[in-house]
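First comes the structure, then the notes that go with it.
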Amino acid sequence: MTSLSTMKRTTHSAVTDDRNDKIEIWINGEFFPRHEAKISVFDSGFLVGDGIWEGIRLHKGKFVFLDRHLDRLFAGAAAIDLEIGLERKELSAALRRTVERNSMTDGVHVRLMVTRGDKSTPSQHPSNCVGGPNIVIIAEHKTADPEVQRNGITLFTATVRRPGPDILDQRLNCHSKLHEVIALIQANKAGADEALMLDPTGAVATCNATNFFCVSNGKLLTSSGHYNLNGITRQAVLEVARLNNIPTAERSFSLTDVYSSSEAFVTGTFGGLTPVTEVDGRIIGTGSEGPMTRQLRELYAASVEADVES
């Protein structure tokens, strides 16, 4: 039986699928039933958030933008001096084995996580790691809630800022997400679906789990990229916009630009493009998906199809 998820409306809201109760999860080369899949309490990710991850879509039997995701994963591992222990081909094979083990071909979201591994004692220092890294692959049947796509989401600007790269580089897709969680809670308490977050200068950076775009005077605006995750979907949207002669700008802009914009949307691997109808109680444009958002959503969908076909 399939029904709509009871989770609060977010860009990650999914249609509930009972098949997920019986999935098998890949942990360090072995498969475990969902309810038996476990990681040690001494794991670096659990203890201190020391790890990196990727969220990847499976569409028509192919992993969407897989090379880009692996590029980001290995670049992040190198940046934090984490040895993954598997080559790209080996990791790709593990991803493929996981979806084949679960008889999955379409409408699937995969979470690939790599931590520094188990520690000999609860501590921060990497030298206390024993053995190699812990690698986990969770593949689930996941279809985005169509109601969220139709009705969009509302945002609230959190007081929690995105830090600069001298504190925690936001371009790292790491396990340390507490500031994003706090921002989301603040937005939820204010009655919004998700949080809009500013950078240290007060300019718009990104959302708690997605990247933010708005349309101002016919131009597509997004942040400079210095204070947000280097999103794969964000990159793809910018690429298709430029290929189709849609004026774009990656630069600093303020909430003033957001409040006066004619459209806004957020991007992410799972939800693709999701309209934003309201920010801080201000209705954006007509309060529904705008024409540029619709055009970009269609262009992005075409780029996904082209990637899996290639």
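The numbered conditions (1) of a type in the set (S, T, N, Q); (2) farther than 22 Å from Phe74 by Cα; (3) touching a residue at least 24 places away in the same chain (Cβ under 8 Å) are all true for Asn128 except (3). In the range 235-247, what count of residues is obtained for those that are surrounded by fewer than 16 Cβ atoms within 10 Å (Cβ to Cβ) and over 22 Å from the mean Cα position of the chain (by Cα)? Final tally of qualifying residues: 5. Val181 - would you say it is on the phi < 0 side of the Ramachandran plot and in contact (Cβ under 8 Å) with a residue 24 or more places away in the chain? So Val181 passes the test. The sole residue among Gln149, Gln124, Gln170 that is buried (at least 16 other Cβ atoms within 10 Å of the Cβ) and out of contact with any strand residue (DSSP E or B) (no Cβ under 7 Å at 6 or more places or on another chain) is Gln170. Considering every residue within the range 47-59, establish whether at least one is assigned to a loop (DSSP other than H, G, I, E, B) and more than 30 Å from Leu196 (Cβ to Cβ). The answer is no; no qualifying residue exists. Of the strands (runs of 3 or more DSSP E) that lie entirely inside the range 211-310, those containing 2 or more residues that are in contact (Cβ under 8 Å) with a residue 40 or more places away in the chain span 211-216, 219-222, 263-268, 272-279. Residues that are of a type in the set (Phe, Trp, Tyr) and touching a residue at least 60 places away in the same chain (Cβ under 8 Å) were ranked within the range 17-45; the one that is surrounded by the most Cβ atoms within 10 Å (Cβ to Cβ) is Trp26.
No lab work stands behind these numbers, since they all come straight from the coordinates. This structure is a prediction, so every number in the text was calculated from the model and none was measured. Methodologically, a virtual Cβ is constructed for each residue, glycine included, from the backbone with ideal geometry; neighbour enumeration extends over all protein chains shown.
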